[in-house]
1. Rounded to the nearest 0.05, what FRET efficiency do Glu176 and Asn77 give with R0 = 30 Å and r taken as the Cβ-Cβ distance? Could you check?
2. By DSSP, what percent of the beta bridges with both residues in segment 93-157 are antiparallel, rounded to the nearest 5?
3. For a test of the definition: using alpha carbon positions, the gyration tensor, and the 1.5 limit on a/c, classify segment 1-132 as rounded, prolate or oblate.
4. Please list, or write none, the lysines whose alpha carbon is within less than 19 Å of the alpha carbon of Lys65, excluding same-chain residues fewer than 8 places away.
5. Out of the DSSP beta bridges found with both residues in the chain, what percent are antiparallel (nearest 5)?
6. Return the FRET efficiency for the residue pair Lys9, Thr145: r is the Cβ-Cβ distance, R0 is 25 Å, and the value is rounded to the nearest 0.05.
7. Taking 0.36 nm per residue of sequence separation and subtracting the Cα-Cα distance, how much length would be gained by fully extending the chain between Lys169 and Ser92, in nm to one decimal?
8. Take the residue pairs Lys60/Lys168; Lys16/Lys177; Lys61/Lys148; Lys12/Lys106 and return only those whose Cα atoms are more than 24 Å apart.
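The values are calculated or read from the model by the stated rules, or taken from the named source; none is laboratory data. All values derive from a computational prediction rather than experimental measurement. Glycine gets a Cβ as well: all are built from the backbone with ideal geometry, and neighbour counts include every protein chain shown. The protein model used for the area step is the full one, side chains on, heavy atoms only, and it has no ligands, DNA or RNA in it. Shrake-Rupley method; radii C 1.70, N 1.55, O 1.52, S 1.80 Å.
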Amino acid sequence: MNKSEIRKKILKLRKKNFSKNLCINSNKLLIFLEKQKIKNKTIGAYYPYNYEIDTLEILKKLVKKDYIISLPKINKNNQMNFYQWSFKDPLSINIHGIPEPISKKKIYPQILLIPLVGFDSKLNRLGYGGGFYDRYISRTQNFKTIIKIGLSFSFQKIMKIPTNQYDKKLDYVVTEKNFF
């Protein structure tokens, strides 16, 4: 199967299973982050959309632990950057229908919580196909180390994700069952 076929199949499955109130193990994620002893407590997350893992409860817990939260914003040149955001800040809806911050304060997060459509045991990620995260990671890893954590349901794991030279691997994946 090619990426497009895999994407269609998993997105249908995700929509079907979304109402089962599956939640990732946020406590394992928080314990992991605390063990990292990160000095620059900046986190890039996403606002949940299209039956993705809901990050909002995780972000509320991270705010209590003094993390600076940022969300992605697609700029006019089709480049994605992260901008500081808090729960009291308004969001706008971009051309893809995704909520994004209005803030102009660009952040280069130390940790990225990344949405995904699918992943495999080698931590290859299948996204929506726009390449936004791959381009962002490629651009920023030239000057900053980023911990890349995919958030997923366990049923989104497949045998093998087809990859190319532009695809960036994750460092970890957190599901409702495991921390890979």
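1. 0.25
2. Counting DSSP beta bridges with both partners in segment 93-157, the antiparallel share is about 35 percent.
3. Verdict is oblate for segment 1-132.
4. By straight Cα distance, Lys65 reaches Lys28, Lys35, Lys37, Lys39, Lys41, Lys88.
5. In the chain, DSSP labels about 50 percent of beta bridges as antiparallel.
6. 0.15
7. Difference between extended and current length: 24.8 nm.
8. With Cα atoms farther than 24 Å apart: Lys60/Lys168; Lys12/Lys106.
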